[in-house]
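Chemist: The structure that follows is given in the form of structure tokens.
The values are calculated or read from the model by the stated rules, or taken from the named source; none is laboratory data. What you are looking at is a predicted structure, and each value in this text was computed from that prediction instead of being measured. Ideal geometry is used to build each Cβ from the backbone, glycine not excepted, and the neighbour counts take in all protein chains shown. Surface areas here come from the heavy atoms of the whole protein model, side chains and all, with no ligands, DNA or RNA. Shrake-Rupley method; radii C 1.70, N 1.55, O 1.52, S 1.80 Å.
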Amino acid sequence: MFNWKDISMAGIIILAIVFYSLKKSTLQASINSQENKASNYIAVDESTFSFASENTYTEFSESKTINWISFNEAYLKCKKNPRPILIDIYTTWCGPCKLMSSQTFNNPTISKYINDNFYAVKFDAESKDTVKFDKYVFVSTDITNAKAPHEFAKSILDNQLAYPSIVFLNNQIQRLDIIKGFQLPVAFEPILNYYGSGDYQKTKWEKFRKSFVSALK
């Protein structure tokens, strides 16, 4: 004999699991598990990027050629007019971050492609500003410590704080990939095109990279 009360309870549990999965897919733990991510084929040279343990501050020169906006602005724009989001996670003391800004983001070909195909966000991982979007709120982990990491940076990087880290989100605000370390324009251009064009949905990275034709001069 069926117990309808038990069946109803089972249905509620299933709905709760589905809701929890959908909630997490919006930002945290939403990385795609495809094996052909560009980052899987990039040998990370730890000498080219900085970890959170660094303590030497440097003057930071922000790229002026890219239309940088806040994450909340990017989120709202993406909801109204969907397109991928690129997030540059940096710190003011990070030398490789400064190089990424001056040499790569300031490159005319790179900056034009980003402006034409992404909503671009530059986020200081040690910012004290509150990040709000939708029903989520992220704050600094310690407002009294100048070098304390921000909850937003920790969340979107899965607590693997290395700078610079370039995060790619699709137009559904789901994380696609994290590219760690300084990238020269010639190395970064095909990655940008891979995620900006949407080709990652139908073409494996290695095949895309081999057939990619650079527009750099």
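Chemist: Suppose R0 equals 30 Å. What FRET efficiency, 1/(1 + (r/R0)^6) with r the Cβ-Cβ distance, do K77 and I42 give to the nearest 0.05? The partial results should precede the final answer.
Modeler: Working: r = 29 Å, r/R0 = 0.95.
With a Förster radius of 30 Å, E is 0.60.
Chemist: Take the cross-link list K147/K180; K64/K204; K180/K204; K77/K112; K122/K180 and give me the ones stretching past 23 Å between alpha-carbons.
Modeler: Working: K147/K180 20 Å; K64/K204 33 Å; K180/K204 20 Å; K77/K112 19 Å; K122/K180 15 Å.
As for pairs spanning more than 23 Å Cα to Cα, those are K64/K204.
Chemist: Sticking with this structure for a sec: Report the normalised scattering of segment 81-198 as log10 I(q)/I(0) at q = 0.09, 0.12, 0.16 Å⁻¹, calculated by the Debye formula with identical scatterers on the alpha carbons.
Modeler: The calculated log intensity ratios at q = 0.09, 0.12, 0.16 Å⁻¹ are -0.24, -0.42, -0.75.
Chemist: Another question about this same structure. What nm value, rounded to one decimal, do you get for the distance between K112 and K64 when each label is placed 7 Å out toward the C-beta?
Modeler: The modelled label-to-label distance comes out at 2.0 nm.
Chemist: Just the accessible area per residue of segment 102-217, please: how many Å² with a 1.4 Å probe? Intermediate values should be presented prior to the final figure.
Modeler: Working: 5300 Å² over 116 residues.
Result: 46 Å² per residue.
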